[in-house]
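Reviewing the structure listed below.
The values are calculated or read from the model by the stated rules, or taken from the named source; none is laboratory data. None of these values were measured; they are calculated from a predicted model. No Cβ is skipped: glycine too gets one built from the backbone with ideal geometry, and neighbour counts run over all protein chains shown. Ligands, DNA and RNA are excluded from the accessible area calculation, which covers all protein heavy atoms including side chains. Shrake-Rupley method; radii C 1.70, N 1.55, O 1.52, S 1.80 Å.
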Amino acid sequence: MNLISFILPSRNNLKYLKQAYRSIRENSEHQHEICMADDYSDDGTWEWMNEIVKKDENVQIHRNNGPERLGHTILYDTLVDMATNDRVMIFHADMYLCPNADEEINKYLEPGKVVSLTRIEPPLHPDGPEKILKDFGIEPEEFDEQGLLDFVSDNVGTREDEVTDGIFAPWCIMKDDFTRIHGHDPLFAPQSKEDSDIFNRFMLAGYEFIQTWKGFVYHMTCRGSRFKDGAKRNPDGQVFMKNRESTEWLKQNLRSTRNFIRKWGSMVNHTRLLKPIVPPKYDIGFIVHNCTGPLLYELEPYCNHIYLKDDSLFKDYLEKEQPDTNYDLGSKLATFEVKPFNDVLIEFDASMLNNDNFQQIFLQLPNILQESGEPDSDFILDIFKIKTKTLDNQVDTLVNSVCK
């Protein structure tokens, strides 16, 4: 067995972390390394970690002493640096490792490959073809551990295809492959979209994605920040999480989503089995007539530069948005007095934007340019006047792109 270093950051998640630790130790015959980080918790996490490290020589611990939260985006990489094995596994504190999952990872993992286990989850989120929706408890206090173990035993090997090609946590990779592309991007700290970003970069680096349907985790889902107050059932025993996201998570998710678009030029894309789809990225400039503050907010992330009639909107926009990104937004904003210099120029009247042309054309512009655009050409799509100088796809430059 090739030993794995399990990577577990945690913030005020002690009851889940204890369960995750126990599952790794009890459901594997091998003494894998467990690397845990306490992200400035106040629930006794650090005290518990210090007790564990005295008893378990294959545990490493780290603490963020605050006063600000770092988030798992940063702490994943801190723990990977600490890991002493050549295989590292991104694992969530609210996951329970099922028996033989490590053997399944060992079966497939080698350089240039990333192996994901299959998640079994209670119905806190919509179902999907990449996971199994089955309720064995939404909190450790009601966890039906034996029921889960029986279910896994009965279902291993019953699926026709043993592997598919998606990627999501928990995923395992060679440490060298992780560090080769410089790990997670701090642009997305403390959390949200850091996984989609690194998955895109794995894809561009040519790594192969393998999801094994014989190795499982039970995942209580999103207890670090999104649903940090826990999950509850209604009187009929059903779980309902909609509109229970924390204010902290909602704000950070919006911030990270906008930064993801700035970096990649589009929203997250993937197949139904969660294999990344990476659209092309071009040097795009928007020449916008009749722009307003709210429209500037919607348009700015999707371009390299945006040209407006005057600079009356710039000051308020920069005061609001610049604190939430590492990108220099001031350098993206220009007036019509500046001669546009981007490879692709898209001119339009913002007052004519509607849901149809925004969804069907504006958001699809990278794909449209890739499929139908030609260098040194002019054409019109609905309200958009498009002029191309060159069509150099810049997406490959993002493989090693992190804001470190």
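Summary table
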item: Filter result for residue 165 (open to solvent by less than 10 Å² (accessible area, probe 1.4 Å) and either within 26 Å of residue 69 (Cβ to Cβ) or at pLDDT 95 or above (or both)); result: no
item: Count - residues of the range 297-327 that are of a type in the set (A, V, I, L, M, F, W, C) and open to solvent by 40 Å² or more (accessible area, probe 1.4 Å); result: 2
item: Cβ pairs under 8 Å, 6+ apart, first in the range 320-334 and closer than 13 Å to residue 262 by Cα, second open to solvent by 70 Å² or more (accessible area, probe 1.4 Å) and hydrophobic (A, V, I, L, M, F, W, C); result: none
item: Near pairs, Cβ below 7 angstrom, 6+ apart or cross-chain, from the range 77-90 (closer than 19 Å to residue 189 by Cα) to any residue that is among the basic types (Lys, Arg) and surrounded by fewer than 24 Cβ atoms within 10 Å (Cβ to Cβ); result: 80/175
item: Selection from the range 356-398 of residues that are open to solvent by 40 Å² or more (accessible area, probe 1.4 Å), over 27 Å from the mean Cα position of the chain (by Cα) and free of Cβ contacts under 8 Å to residues at least 12 places away in the same chain; result: 356, 371, 372, 378, 379, 380
item: Of all residues making up the range 10-33, the number that are open to solvent by 30 Å² or more (accessible area, probe 1.4 Å) and either at positive phi or in a helix (DSSP H, G or I) (or both); result: 7
item: Meets criteria (of a type outside the set (Ser, Thr, Tyr), in contact with a Pro (Cβ under 6 Å, 6 or more places away or on another chain) and open to solvent by less than 40 Å² (accessible area, probe 1.4 Å)) for residue 330; result: no
item: Pair list, Cβ under 9 Å, 6 or more apart: the range 282-296 residue free of Cβ contacts under 8 Å to residues at least 40 places away in the same chain, other residue of a type outside the set (D, E, K, R) and open to solvent by less than 10 Å² (accessible area, probe 1.4 Å); result: 296/288; 296/306; 296/308; 296/350
item: Number of the exception - residue 190 against (1) in contact with a strand residue (DSSP E or B) (Cβ under 9 Å, 6 or more places away or on another chain); (2) crowded, with 20+ Cβ neighbours inside 10 Å; (3) closer than 20 Å to residue 87 by Cα; result: (3)
item: Failed item, numbered, when residue 102 is tested on (1) assigned to a helix (DSSP H, G or I); (2) farther than 16 Å from residue 216 by Cβ; (3) touching a His at 6+ places or on another chain (Cβ under 9 Å); result: (2)
item: Only one of 135, 150, 176 that is over 19 Å from residue 4 (Cβ atoms), among the charged types (D, E, K, R) and touching a residue at least 24 places away in the same chain (Cβ under 8 Å); result: 135
item: Candidates 68, 51, 57, filtered to the one that is part of a helix (DSSP H, G or I) and surrounded by fewer than 17 Cβ atoms within 10 Å (Cβ to Cβ); result: 51
item: Filter result (part of a loop (DSSP other than H, G, I, E, B) and surrounded by fewer than 23 Cβ atoms within 10 Å (Cβ to Cβ)) within the range 197-221; result: 205, 206, 207, 221
item: The range 211-238, subset touching a helix residue (DSSP H, G or I) at 6+ places or on another chain (Cβ under 6 Å) and polar (S, T, N, Q), residue modelled with the lowest pLDDT; result: 225
